[in-house]
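What follows is one structure encoded as structure tokens, with my remarks underneath.
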Amino acid sequence: MIDTIRARGQLLCGVSTGLAGFAQPNSQGVWAGFDVDYCRAVAIAIFGTEQNRVRYVPTTAQVRFTALQSGEVDMLSRNTTWTLSRDTSLGLDFTATNFYDGQGFMVKRSLGVTAARQLDGATICVQPGTTTEQNLADWARSVRVNIRPVVIERLEDNIAAYLAGRCDAYTTDVSGLAASRSAQQVPADHVILPDVISKEPLGVLVRHGDQRFADLVRWVHFGLLAAEEFGITAENAAGLATTDNRPEVQRILGRTGGLGQMMGVDNAWMLNVIRTLGNYGEISTRNLAPLGLQRGPNALWTTPGGLQYAPPFR
Amino acid sequence: MSDTAIDPRYGTKPPKRPLRLSWGDERVRGIVYQILVVGIVGSIAYWLFSNTMHNLEVRRIATGWGFLEREAGLPIAEFLIPYDPTDTYLRALQVGVLNTLKVAVIGIVLATILGTILGVLKLSKNWLVSRVVGAYIEIVRDLPLLLQLLFWYALLQGLPGPRQAIHPATGVFLSNRGLKLPFFEWEGPHNWALLLMLIGAVGTYFYRRAARAKQMADGQPRAIWPAATVMMLVVPLGAWYAMGAPFTPDIPALRGFNFQGGLTVSPEFFALLLGLTLYTAGFIAEIVRAGILSVSQGQWEAAEALGLPRGRVMNLVVLPQALRVIIPPMTSQFLNITKNSSLAVAIGYQDIVSIANTTLNQTGQAIEGIAIIMVVYLTISLSISLFMNWYNSKIALVER
Amino acid sequence: MSITTDSLPVAPRLAPALSVGWLGWVRANLFSSWLNSLVTIALAYFIVKYAIGFVDWAFVNAIWSVPNDAAGRPDTSSCRDNKGLGACWAVINEKHRFMLFGTYPYEQHWRPAVVCVLFVGLYIVSAMRRFWRMELALIWAAVLTVIAVLMWGGVLGMPYVPQERWGGLPITLILATFGLAFAFPLAILVALGRRSKLPAIKALCVLYVELIRGVPLISLLFMASVMFPLFLPEGMNIDKLLRAQIAIILFAGAYLAEVVRGGLQALSKGQYEAAEALGLSYWQKTGLIILPQALRLVIPPLVNTFIGFFKDTSLVLIIGIFDLLTAGKTAIIEPMWQGFAVEVYVTIGLIYFVFCFAMSQYSAKLESELNHGRRR
């Protein structure tokens, strides 16, 4: 797979069709966002540079798995939740959780709702074909709340329906809610309820059966985490690569250990990635902080409440 | 002598020539062509099939119909049979099929009525009326249905919220949550009354046939409406009264976020029905107009000369003849409504396409999902075709 | 006495003023009875009332452009205050290039624009009867090739534009026109096959036509987007637009086949028999005698079917392909422009209407001309 990508000269990366902070084309038509940075990181690890090395393929919720299964894309970096049935019955592999999310609700402030349980009898907009839809049904059943779903295919139609007042509440991952809210003219008119009704571990998917490529994608993520842990940043990476004497930092940055070769890429793979994109913390700050998202569980394990943990580089 | 009685052109078949094994023989060529075409199509099909099988295996994609028994967990907004997210995928798909049938059947009835009215109006002698109808027909026919649906849905969403709902009469509310109508609590006796009414309708049909037969025999027309009233109204109402005349009005009222009680027409269903009806009525109007024009003016004049009033001329003389021209293209319009109802997926009405689509998305079993959609539509299409063909042959001109 | 009066020349009596001229027309067509008069007046009242309302909304109270705010972004608050009173055409003003050409590189927009003009030119040339010759097929092939070159680029100094970035009106025109161009030969073969005496070929054609006509286009498009990838061998891939195009060709092929079959059936039996009597082979007979006549007969219904496909290409919205309608919907995702769907739909509707109306008028005219010729 890595050889195929190298021969082709481009990484085909499936992203979402437009989700602020995670993947969206800017006004010049250039893709940017958290998920997009993972495409770039993998491309850099393989090619040493990202210039013209990534081709973004926007995928809808419905065709994302097919696109990956059929080889239309090499990897899927697109807010996709890791579940048992998806992992086992789709012929795909989840590499690692690069973002811990959870499903929440957004309502208009004028409604005066402060907790999800008060939504009894409410009409709720939800996108079909996602875990969101099933979570909503599960939650309503478990807390005995009666809801009326409005199930609309396209994301923007969902938001439009919510804004038009067709629904009292709009439900999706909290990160998505924050993105929609921050995009409004007066974000303060909308409230994201404190209740989070599900676990949504989001990560990059690859096709089942090519462990080497899966390993690479997984360890690029761990590399970004480790870089944050050891204080390697876009600015100081090149300097640390020659001066730092901590053994693990030397191994991450490719001065010793030959870890890159074990995976079939250049030993300076992580150095190149970090030099261009920064570490996990920097990627997160650049893309998600403007949406008003806190690190929360996505902080490193060394911070209280943090879940992001990288296995040792050795 | 008997020889001359048989016209040599239509008589016996030409003697069957023995098959010559040469390219010059038409039948040999035919067989070779057929083998060739079937072979090519068959091998393409086999190639696709084996690729699919290989891909399914390599990609470890689950196959089979086991998922139908699993819990669906998908919320559905509108259902005709009781449904809960804990039910199976099979149940969810059944709900979807019924939702498709619901919008298709109501759409067919409304589009036929509206289309017929418009078709007759297009022939109106009033210049303004025929021009306005003509403009309407041209506009709806020249815009994509999907665009029209999105337009209606956007308009309906622009209605005021439930707290500022338009409230023209008691229990009637129009808001961006849909149309709310007063209804009554459905109880056991209502089922019986409905059943009796259906039996009455069948009875009326047979009564009408008998009356017609008698009219043919003695020339006396017999009124049908008294018997129809008794069978379809008096008897069911009497039964309902005898069972205690239960009637609890169910008037919608604003409670919490939304209206509770009453009958709901959701904006999604309403937009779909409105779009389908207005669009298809434009096509039906043209068909009806062409059908009426196909009946020659002489038929009108002859019938009027017999002293028949204008309404009866239409009913007894013109319509039966026009119907023969109208029915075949009308059948394809009915099929179109049914197929076009699949656009529901774009505006959030959960028909079979929407639900099968979600199912294939959640289970990852694309082939089964698409197969379900196709089988459902083929079945519906075939049923409509068969019914309309039967009706068509029934009204077809019986030639001597 | 009677004789004398009879023999006197009498000036012919004039028709009553109310039965001739424009007054007579008005009376006969608008006020022929009291019921008719009532209907006319009521209808005229509503037309005038709604026409005034529409003109107010679309022109008098409309806002054509909006100022930028401090951050340089358009400030749409004036449009929001005006909602319900007047249209906000500023959204079209701001987004029209995106709606027409989608995400195609901005500085290269002249290419899709030329493509649209070429398509319109192709339609006009095809509509002229003096071009109804075999050369028309060559013209089509040439123009479609030029269009492909313009869209992709990569030669003659035009930078390469991958298919993922195409969008808007060109996609609609491409899907409809390429659909017709490829479905037409397929349809002729299937129509001939359906009338063939060879049972296996006939059965295959009937199966294909009835299967496709029995299911909605959406299900074929879903099939193209989620099932086609499974049909192909590993490593072989065709992109999303091409898959949708194939689905549309298969769909169009079945409907066109029925249209062509209608033409074949309308041809008198004598033509077939005469051709056979000349000793022509099946293909000579079909190519030289039958098809030239049958295809001429079916041109009006062919145009009508084409109008249908033209409208139906909008369904690719559902599988996420960037045609005119999708581009219009995507244009108003941006938060400040959210809520101006009606203006966008009206504009897109106008574009579709211009194309479809022109084609349907043309087909009606053609039909009456052809019928006229035959009736003589």
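Readers should treat all values here as calculations from the given coordinates under stated rules, not as data from a laboratory. As the structure is a prediction and not an experimental result, all values here were calculated from the model. Backbone-built Cβ (ideal geometry, glycine too); neighbour counts: all protein chains shown.
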### Query
Any idea which of C:Asn93, C:Leu315, C:Pro300 is furthest toward the positive side of the dipole for chain C, if Lys and Arg beta-carbons carry +1 and Asp and Glu beta-carbons -1?
C:Pro300
### Task
With runs of 4+ DSSP H residues as the only contributors, calculate the mean residue ellipticity of chain C at 222 nm using -39,500 (n - 2.57) per run, divided by the residue total and rounded to the nearest 500.
-21000 deg cm²/dmol
#### Entry: Cα centre as origin, Lys/Arg/Asp/Glu Cβ charges: the stretch C:92-375 dipole, Debye
940
#### Entry: Candidate lysines for bridging to C:Lys95, where Cα separation is under 26 Å - those fewer than 8 sequence places away on the same chain excluded
C:Lys83, C:Lys240, C:Lys311, C:Lys329
### Query
Can you pull the mean other chain C-beta count within 10 Å for peptide B:327-337?
1
### Query
Which FRET efficiency, nearest 0.05, do B:Arg324 and B:Leu378 yield, Cβ-Cβ r, R0 41 Å?
0.90
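If I take every Cα pair under 8 Å that is 6 or more residues apart in the stretch A:103-198, average their sequence separation and divide by the length, what percent do I get for the relative contact order?
Numbers: 156 pairs, mean separation 47.3, N = 96.
So the answer I get is 49 percent.
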### Summary
Most exposed to least, judged by fewest other Cβ atoms within 10 Å, C:Arg195, A:Arg166 sort to C:Arg195, A:Arg166
### Query
Remind me, relative contact order of chain B in percent, using alpha carbon pairs under 8 angstrom and six or more residues apart?
21
### Message
Out of all DSSP beta bridges in the protein assembly as shown, what portion is antiparallel? Express it as a percent rounded to 5.
### Response
70
### Message
Of C:Leu217, C:Tyr106, C:Trp152, which is farthest towards the positive pole of chain C's charge dipole, taken about the Cα centre with +1 and -1 on the beta-carbons of Lys, Arg and Asp, Glu respectively?
### Response
C:Leu217
### Task
Counting other beta carbons within 10 Å of each Cβ, put A:Met1, A:Met75, A:Met262 in order, fewest first.
A:Met262, A:Met1, A:Met75
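Among rounded, prolate and oblate, which fits the stretch B:99-256 when a ≥ b ≥ c are the square roots of the eigenvalues of its C-alpha gyration tensor, a/c under 1.5 means rounded, and a/b larger than b/c means prolate?
oblate
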### Query
In debye, nearest 20: dipole of the stretch A:103-198 around its Cα centre with unit charges on the Cβ of K, R (+) and D, E (-)?
240
### Task
Among B:Thr280, B:Thr338, B:Thr363, determine the one that fluctuates most according to a GNM of chain B built with springs between C-alpha atoms less than 10 Å apart.
B:Thr363
### Tally of Lys pairs whose C-alpha atoms are under 29 Å apart, taken over chain B, 8 or more apart or cross-chain
8
#### Entry: Most mobile of B:Glu78, B:Glu185, B:Glu286 in a GNM of chain B (Cα contacts under 10 Å)
B:Glu185
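Give the peptides C:110-120, B:348-358 in descending order of average Cβ contacts within 10 Å, highest first. Intermediate values should be presented prior to the final figure.
Details: C:110-120: 17.3, B:348-358: 27.9.
Result, highest mean first: B:348-358, C:110-120.
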### Message
Please check: in the Gaussian network model of chain A (C-alpha springs, under 10 Å), which one of A:Gln185, A:Gln51, A:Gln261 has the largest mean-square fluctuation.
### Response
A:Gln185
### Query
Per-residue mean of other chain beta-carbon atoms within 10 angstrom of the beta-carbon, peptide A:145-156?
6
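Over chain A, calculate the relative contact order: mean separation of alpha carbon pairs under 8 Å at least 6 apart, over the residue count, as a percent.
22
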### Task
Quote the FRET efficiency, to the nearest 0.05, computed for B:Val120 versus C:Gln108 with a Förster distance R0 of 60 Å and r equal to the Cβ-Cβ distance.
0.65
### Message
Go through the cysteines of chain C and tell me which have no other cysteine Cβ under 4.7 Å away.
### Response
C:Cys116, C:Cys205, C:Cys356
### Task
Using a/c under 1.5 as the rounded threshold, could you call the protein assembly as shown rounded, prolate or oblate? The axes a ≥ b ≥ c are square roots of the C-alpha gyration tensor eigenvalues, and prolate needs a/b larger than b/c, oblate otherwise.
prolate
### Query
When the helix-only estimate is applied to chain B (DSSP H runs of n ≥ 4, each -39,500 (n - 2.57), divided by the residue count), what is the mean residue ellipticity at 222 nm, nearest 500 deg cm²/dmol?
-21000 deg cm²/dmol
### Query
In debye to the nearest 20, how big a dipole does the protein assembly as shown give about its Cα centre with +1 on each Lys and Arg Cβ and -1 on each Asp and Glu Cβ?
3360
### Query
For B:365-374, what's the mean count of beta carbons from other chains sitting within 10 Å of each residue's beta carbon?
5
### Summary
chymotrypsin sites (Phe, Trp or Tyr not before Pro) in the stretch B:160-260 lying in a DSSP loop, each with at most 12 other Cβ atoms within 10 Å of its Cβ, come to B:Trp186, B:Phe247
### Query
Principal axis lengths of the stretch B:294-400 from Cα atoms, whole Å, largest first?
69, 33, 16
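What is the calculated FRET efficiency for A:Ala115 to B:Ala253, with r their C-beta to C-beta distance and R₀ = 30 Å, to the nearest 0.05?
It comes out at approximately 0.75.
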### Message
Please state the shape class of chain B: rounded when a/c is under 1.5, otherwise prolate if a/b exceeds b/c and oblate if not, all from the C-alpha gyration tensor.
### Response
oblate
### Summary
Subtracting the Cα-Cα distance of B:Leu308 and B:Val265 from 0.36 nm times their residue separation yields 11.1 nm
